[in-house]
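Novice: Below is one structure. I have some questions about it.
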């Protein structure tokens, strides 16, 4: 089993993306992914991203290998109602936070994070969706520092947290802190460099990395090749499956 | 769980010739103590991904944006040392600085030639519109070698001497007999492709940036399949991730093969002696 914890469906405003749900899922299945967690890209730019959670649920309805990851935004007045709704959905195990697009600071939304923790959901904190050098010039969105996500995880030790979009250098620099916090994981979607996953494993992070494809913004083939090319099967299995199951609280 | 089948599925079915590689002495997450160690680590990693040959250029161990010619010479000596360790794997390009056009031409004459370097690398010291590039381009034409020019369009702002894709188009039009490899498809983006579409003496390399979907297909559509060449920008980037930009498309197999090998071979002088495949 290969679990992709970080994918999307839908369009992207600044360049063409093949975001049709069936097309995205077929591209992931083609490289061996058997369990897909997906959010809706349209939620990223919507001033009330909760609106697109409905569309996401409709898209995944009846699709056995796809789990919806709704977006929650504490700056939208109805976030408590939305949390109640999504936590009542039998396939929701994680929610995605986009602090940089919502315009809030993780350190200032304690009530929101506590409510997610009490709902027994894990959180994906998306630090970056595209290379800052490639943003549309009229829509520049600063990245969230991965260290801020680690700070958040430290403050909420019972909240399961996945850092999405971190760079390899950030994770290496944070490795010691991450390893002291059993509730923190990071996806592989935007780590890069020669032998990068092997390098991160050598830094002790093998038990904290999970597969993120970032599809359809990024190419699934590249996401899988990044993980399996330089490491042994047993380590690959931990990253492609076991860590995800731990984050999902299934083992 | 066994991943051998998945690795085989993901690995390139064609040999790959990477047109854009730096030594670990310049970039990357490993510290290396010698050209030998540098060559070994690059070769091992490349082989795991299916990359058999690499165009290599050093930007000097300190990676200055405006290198002195002494620094260029040191960088080139390092690349030549790496080449000697595995001459069938490494095909070095000569790094020069258009701030010093006359000295750059002398350095090209020192480094380029059969059994030595087979191209020229330009980075961010001066934009491609600068007249300092002209003697360098003329020498490249005389020696029948390509020039690889870095380019980006950065939302965060280009460096003062960093070329935009349209600067490289200007260069290609000023020197229509030259062969230009414009680096960084993803950094140049869809606007960059439009800027260079009418420059038949210019190809774009796929190196650098994230593996964004649709970019290689767009390059093939806008420039034609023969004007796209595989590059990784390793060790800043991962060989297999960058290969995935091409392998993970729906392009025909012969197009993928040409991007990964033949189109690069066409750019290099014949005396390099590398054969095209499958034609």
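Where a number appears in this text, it was derived from the coordinates with a stated rule and is not lab data. Keep in mind that what you see is a predicted model, and the values were worked out from it rather than measured. Methodologically, a virtual Cβ is constructed for each residue, glycine included, from the backbone with ideal geometry; neighbour enumeration extends over all protein chains shown.
Novice: Need one value for B:3-10: mean number of C-beta atoms belonging to other chains within 10 Å of its residues' C-beta atoms.
Specialist: 6
Novice: With the crude spin-label approximation of a point 7 Å out along Cα→Cβ, what separation in nm comes out for residue B:114 versus residue A:249?
Specialist: 7.2
Novice: What's the extension gain from residue A:138 to residue A:22 if we count 0.36 nm per residue and subtract their Cα-Cα distance?
Specialist: Stretched fully, the residue A:138-residue A:22 segment lengthens by 38.7 nm.
Novice: Need the C-alpha centroid separation for region B:202-279 versus region A:62-107, integer Å.
Specialist: 39
Novice: Quick one: B:52, B:44, fewest Cβ neighbours within 10 Å first, how do they rank?
Specialist: With the sparsest Cβ surroundings first, the list reads B:44, B:52.
Novice: Fewest to most neighbouring Cβ within 10 Å: what's the order for A:128, B:72, B:94?
Specialist: A:128, B:72, B:94
Novice: Which of the peptides B:112-121, B:231-240 is most tightly packed, and how do the rest follow, judged by the mean count of other Cβ atoms within 10 Å per residue?
Specialist: Final packing ranking: B:231-240, B:112-121.
Novice: Another question about this same structure. At 7 Å along the Cα-to-beta-carbon direction for both residue A:154 and residue A:48, put a label point, then send me their distance in nm to one decimal.
Specialist: 3.7
Novice: Also, quick follow-up: Between residue B:177 and residue A:89, how many nm apart are label points set 7 Å from Cα along the C-beta direction?
Specialist: For residue B:177 paired with residue A:89, the spin-label model returns 6.4 nm.
Novice: Taking N as the number of residues in region A:120-241, what value does Rg over Cα atoms divided by 2.2 N^0.38 Å take?
Specialist: The reported ratio for this selection is 1.04.
Novice: Could you state the principal axis extents of the C-alpha atoms in region B:15-269, from the largest down, to the nearest angstrom?
Specialist: 45, 40, 36
Novice: Using Cβ contacts closer than 10 Å as the measure, can you line up A:61, B:130, A:192 from fewest to most?
Specialist: Starting with the residue having the fewest Cβ neighbours, the order is A:61, B:130, A:192.
Novice: Within 10 Å of each Cβ in peptide A:127-134, how many partner chain Cβ atoms are there on average? Round it to a whole number, please.
Specialist: 5
Novice: Could you give the radius of gyration (one decimal) and Dmax (whole number) of the Cα atoms in region A:97-159, in Å?
Specialist: Computed over the Cα atoms of region A:97-159, radius of gyration and Dmax are 12.9, 39 Å.
Novice: Another one. Which whole number in µm²/s is D for region B:115-157 by Stokes-Einstein, with the Kirkwood Rh taken over Cα pairs at 37 °C and 0.692 mPa s?
Specialist: Once the numbers are plugged in, D ends up at 281 µm²/s.
Novice: Still on this structure: To two decimal places, what compactness ratio does region A:3-247 give when its Cα radius of gyration is scaled by 2.2 N^0.38 Å?
Specialist: 0.93
Novice: Hey, what's the Cα Rg ratio for the protein assembly as shown versus the globular rule of thumb, 2.2 N^0.38 Å?
Specialist: 0.99
Novice: What's the average, rounded to a whole number, of partner chain beta-carbon atoms within 10 Å of each residue's beta-carbon in B:242-250?
Specialist: 5
Novice: Does region B:203-279 come out rounded, prolate or oblate, given a ≥ b ≥ c as the square roots of the eigenvalues of its C-alpha gyration tensor, rounded meaning a/c under 1.5 and, failing that, prolate meaning a/b above b/c?
Specialist: oblate
Novice: Sticking with this structure for a sec: Between region B:127-153 and region A:204-251, how many Å separate their Cα centres?
Specialist: Taking the Cα centre of each part, region B:127-153 and region A:204-251 sit 42 Å apart.
Novice: Evaluate the relative contact order of chain A (contact order divided by residue number), counting alpha-carbon pairs under 8 angstrom at least 6 apart; express in whole percent.
Specialist: The value is 19 percent.
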